[in-house]
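Down below is the structure, laid out as structure tokens.
The values are calculated or read from the model by the stated rules, or taken from the named source; none is laboratory data. Keep in mind the model is a prediction, meaning the values are calculated, not measured. Cβ: placed from backbone, ideal geometry, glycine included. Neighbour counts: every protein chain shown. Quick note on the areas: whole protein, heavy atoms, side chains included, nothing else; ligands and nucleic acids left out. Shrake-Rupley method; radii C 1.70, N 1.55, O 1.52, S 1.80 Å.
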Amino acid sequence: MARWFLYVIFYSLAGCALEKLYARAIHSSRQTRKCFLLLPLCPVYGLAMAAVLLAAGPEEGLLRLALVGGLVCTGVEYLVHLFYEAVFGVRFWDYSLLRGHVQGRICPRFALIWGMLSAAAVRWVQPVVAELAERIPPELVFLIWMVLAADCVLTAAVLLRSRDTQQLTLRTVFAQTRASSQSEMS
């Protein structure tokens, strides 16, 4: 179980890095893409890769890995998007401007990209990740779990209060906390 938790964490971290690189490459105005308040994680990547790893192994051919990966990642992406909208009233991504999109949640272009990335990850990245995960002591896994749980609670509180992903910065939270405490003193 700890091993799968670490896989989700690793791919969520890698996904956040990928998002930042993509934002820079397209010169996006939103350079601070992430889904948690404190941790640089995009959980949709971690959850999608865990699902891909359950659905296909490294012995599969690259084409089959890409096909399974594209379908699984796109399905997870759709479900995670629904969750974010239903629970927090936010959208972390919107593909509405891309051809073939489905409710702005998924689109063929990114399904292809997810397929290629997940095939490469299963074949060449996952063996290294699995080896590293085996070396992490249980105490450190527990600590990571506790930090993630705390960040989940803080992130959920910010999103439920603001319904705005742009509020997921420490600067904004501190400013709102300061303003709230000053208004209570008045």
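Listing for the model above:
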item: Residue tally, condition part of a helix (DSSP H, G or I), open to solvent by 60 Å² or more (accessible area, probe 1.4 Å) and either of a type in the set (A, V, I, L, M, F, W, C) or at positive phi (or both), over segment 35-64; result: 4
item: Subset of segment 89-102 that is surrounded by 16 or more Cβ atoms within 10 Å (Cβ to Cβ) and in contact (Cβ under 8 Å) with a residue 60 or more places away in the chain - its residue that is nearest to S28 (Cα to Cα); result: F92
item: Some residue of segment 65-88 being touching a residue at least 12 places away in the same chain (Cβ under 8 Å), farther than 30 Å from Q176 by Cα, aliphatic (A, V, I, L, M) and open to solvent by 70 Å² or more (accessible area, probe 1.4 Å); result: yes
item: Complete set of residues in segment 110-152 that are among the basic types (K, R) and touching a residue at least 12 places away in the same chain (Cβ under 8 Å); result: R123
item: Output for segment 103-137, where each listed residue is open to solvent by 70 Å² or more (accessible area, probe 1.4 Å) and among the aromatic types (F, W, Y); result: W124
